[in-house]
1. Distance check, please: which entries in Lys137/Lys177; Lys140/Lys221; Lys84/Lys168; Lys177/Lys221; Lys177/Lys198; Lys87/Lys122 exceed 24 angstrom between their Cα atoms?
2. Rank these for me by crowding, Met88, Met1, going from fewest to most other beta carbons within 10 Å.
3. Using only Cα atoms, locate the centre of segment 125-161 and the centre of segment 103-117, then give the distance between them in Å, rounded to an integer.
4. Normalised by the residues of segment 18-108, what does the relative contact order come to in percent, with Cα pairs under 8 Å and at least six apart?
5. May I ask you to derive the FRET efficiency for Arg46 and Glu116 from their Cβ-Cβ distance with R0 = 45 Å, giving the value to the nearest 0.05?
6. Suppose the chain between Ile195 and Lys84 were pulled fully straight at 0.36 nm per residue; how much longer would it get relative to their current alpha carbon spacing?
7. Would you calculate the separation in nanometres between label points at Tyr153 and Asn93, each defined as 7 Å from the Cα along the Cα-to-beta-carbon direction?
8. In the P(r) worked out for the chain, what percent of Cα pairs fall beyond 31 Å?
Amino acid sequence: MNYVAVSGGADSTALALLLWERGEDFEMVFSDTGGELPETYWILPRLAQRIDKKLNVVSNGSFFQHLVQYGFLLPGPRMRWCTKLVKMVPQRNFFNQIRAEKVFVGIRADEPRRLERKNTEKYENAYPLAEAGMGKKDVKALCANYDLLNPVYEWRSNVSCFFCFFQKKRDWLGLLKHHPTLYGVAEEWERQSSITTKQGWGWNQRFTLSQLRVADEQQLKLWPEPDAEPCLICSL
Ligand code: SF4
């Protein structure tokens, strides 16, 4: 059997739609971090139903479980323990256990650097979006065509964990507006991290979520956006 790794983001959704339009036989696999946005848990079953394909959900324990084991040491761009533990490990275990023949990956034609990554797995990888020359606008248009574009794109740059440290200032503010309870959870984890870790890590090097919550326009301008790229593994 062939598989498509889906995240609820536009790339992997468009990939599943493209393969379905072509009449390919495949199943979908979703690595649940336990910290996905509600919109993601909403869009994935809609996709599965629309294209009538099986959605396999895999997990290696929730992000919160691992966070507690790490003593509330928050992950960050230079200490990115979460991607491996909650995204890659469960997917890889699933593909190996089930002896997947081919895994389709949602890398677009406008991401040549990602295509250079070597495949060290036992299964073959294929990149239909890149081969079809599809870029960012094309994948979003295809999803929108089937009314399957994740609504988080209305207020957020990427589909990722609600607490992802790669998100931009406006994404955090979007989370505060659209999901204030989840913002509060991320804020509390950050507070715990600053108490229990020597380094006092936060989600962002420039501000804490408590500071961001009450910042005025003037203050916001003093916190430039981080240079870090978004999570390229998680936001397929
Ligand atoms: S989306 Fe962000 S927080 Fe979630 S696993 Fe990936 S890098 Fe970590």
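Throughout, read-outs are computed from the coordinates displayed, never taken from laboratory work. Every value quoted in this text rests on a predicted model; they were computed, and no experiment measured them. As a convention, Cβ positions derive from the backbone with ideal geometry for all residues, glycine included, and neighbour counts pool all protein chains shown.
1. Working: Lys137/Lys177 26 Å; Lys140/Lys221 30 Å; Lys84/Lys168 22 Å; Lys177/Lys221 19 Å; Lys177/Lys198 31 Å; Lys87/Lys122 18 Å.
Checking Cα-Cα distances, Lys137/Lys177; Lys140/Lys221; Lys177/Lys198 exceed 24 Å.
2. Listing Met88, Met1 from fewest to most nearby Cβ atoms yields Met1, Met88.
3. So the two Cα centres are separated by 13 Å.
4. Relative contact order for segment 18-108 comes out at 33 percent.
5. Once rounded, the FRET efficiency stands at 0.85.
6. Numbers: separation 111, 0.36 × 111 = 39.96 nm, distance 2.53 nm.
Computed gain between Ile195 and Lys84 is 37.4 nm.
7. 3.2
8. Of all Cα-Cα pairs in the chain, 24 percent lie more than 31 Å apart.
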